[in-house]
Every structure is written in structure tokens, then in C-alpha cells.
Amino acid sequence: MTADPYARIAEWYDLLLNPVLDGVRRAVAEVCRAEGLLRVLDACCGTGRQCAVLRGAGVGCIGSDLSPAMLGAARSATRVARPCERDAACGGGDPLRQRAVGGGESPSAAGFPQFSCRIPLLRADARVLPFADNAFDAVVLSLALHEMPEAVGNAALAEALRVAPRVLLADYRLAERNLDLPAALFVHLPERLAGAEHYRNFRGFMARGGVEGLAHRAGVTVIRRERLFGGAGALLLAERNSRAG
């Protein structure tokens, strides 16, 4: 069994990073509200805090993550619902594992009203999401793709575009001007501290053009762009090419 890379940090992740990441989470929620994206999946949801911010903004949200430790940290907070959890690794008669056939409605999307009090979580690989095509208005991939190997990140983005016509990509970008350079250089420090494999994937991500390079290669249309981290990051709202369905 593969070790959970977040097992050692999940407990203190929010404590250390909320001051930095809460601004990103608010920006994601603001874009969702402004664009009328009211059924959202936060793939790679981590401790569930982005889901909580979305919920507070009136956006229906489901969170998924592959890390048991991160989901455990999310479960310990009142903002998520233990009774609503589903583990995509479990099978059986779980309706969240069922994909609609022939254009039927996703069970998970149809079930949003029952989650009016708490936020549901499930354990799932972002490359193989247990939802029907177009089950959501949008999928959030926030500060996740840069830490994945290229093939994994590409597959996760493609899967996000299967379950929703739009994606919100919050991640690092290349500096566009000299004023962006200090922030762009600073982000190397936490990425290096995250470990050798994490930093190697981050450097590869940046060498390929960061989040905007990824969006370009995926062939999506960027319809909204917000600066993050003093220019070192960007939040992109993008939609899939109409020819892709």
C-alpha cells in the first residue's frame, strides 16, 4: 500500500497555511458567485477549508481527496459531514460510484439538496472521479497540479473537464514583469521544504509554463484571470473547448 505523503502534515496544515491560503479560497468563492457556478466539486480538497468557504458563500460543494490523512483532518471539523462521506475505493451500492448512462443526471449532483447542513466528502483519485459527465457547474483544482507528475496532472485536468464544463485552476505562474520576481522566487522556499519529489514536480510544472502553460496545452479557453501571491500565482476560470463536448 502506498504511503500517504500528507500523513505527517495534515494535522497542522490549516494552522500553518490558512493565513496564506484563505485569500485564494475567498477568490475562488467570489468567482463562483460572480459566474453563477453553484454546484462545485473541490477535487484535491485537502482539509476541506475551501469547501467551507464556498459553502459560506452559498455555493453547493462536494470535496474529494485521495489522502486519508487530509480527509481525517477535514472530518474532525464541524464544517464537514461524517455521515455523508463516501469512499470511492469502497464499491458496493454507493450511488456516488454510479455514472449516468445515456445523458442521465448524476446521482451526486441531484443529491445536492440533501447536503444543506454539512459538506460531503469522499475519497477519490482526481484522475478517476466517481461522477457522471457534467455533474457539476465547475471543478476546483487549487494548488494541486504543480505537485503532481506531468502525466498525473494532465489526467486530473482532463477528468475535471469531463465532470464539469468549467474548471477553476489556482496555481503558480511565471513572472510577467520584474515586480513579480520577488514573489516568484519566494515560492521556491516552501516548495523545496515540501520534499524532493514535490519540488521536482514543481520545477517541472514551472518549466512547462506554470498554470497558464497547462491551460494552453489542455486547449481550454480562459475566460477570467485573477492574480495571486503578488503575481507568483493565478486563478484561472477556464472552459473546455466546445468540440470536446
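Where a number appears in this text, it was derived from the coordinates with a stated rule and is not lab data. For clarity, every value in this text was computed on a predicted model and none was experimentally measured. Please note: Cβ atoms are built from the backbone with ideal geometry, for glycine as well, and neighbour counts cover all protein chains shown.
Distance from the Cα centroid of the range 209-228 to that of the range 1-26 is 24 Å (rounded to whole angstrom). With the simple spin-label model, which puts each label point 7 Å out from Cα in the Cβ direction, the Asn241 to Ile9 separation comes to 3.5 nm.
One chain, two ends: Glu35 and Ala175. Fully extended at 0.36 nm per residue, the span grows by 47.7 nm beyond their Cα-Cα distance. Here the range 3-55 is assigned +1 on the Cβ of each Lys and Arg and -1 on the Cβ of each Asp and Glu. Its dipole about the Cα centre then comes out at about 160 debye.
Packing-based ranking of 40-49, 4-13 yields 40-49, 4-13, ordered from highest to lowest mean Cβ neighbour count within 10 Å.
Subtracting the Cα-Cα distance of Asp133 and Ile223 from 0.36 nm times their residue separation leaves 30.3 nm of extension gain.
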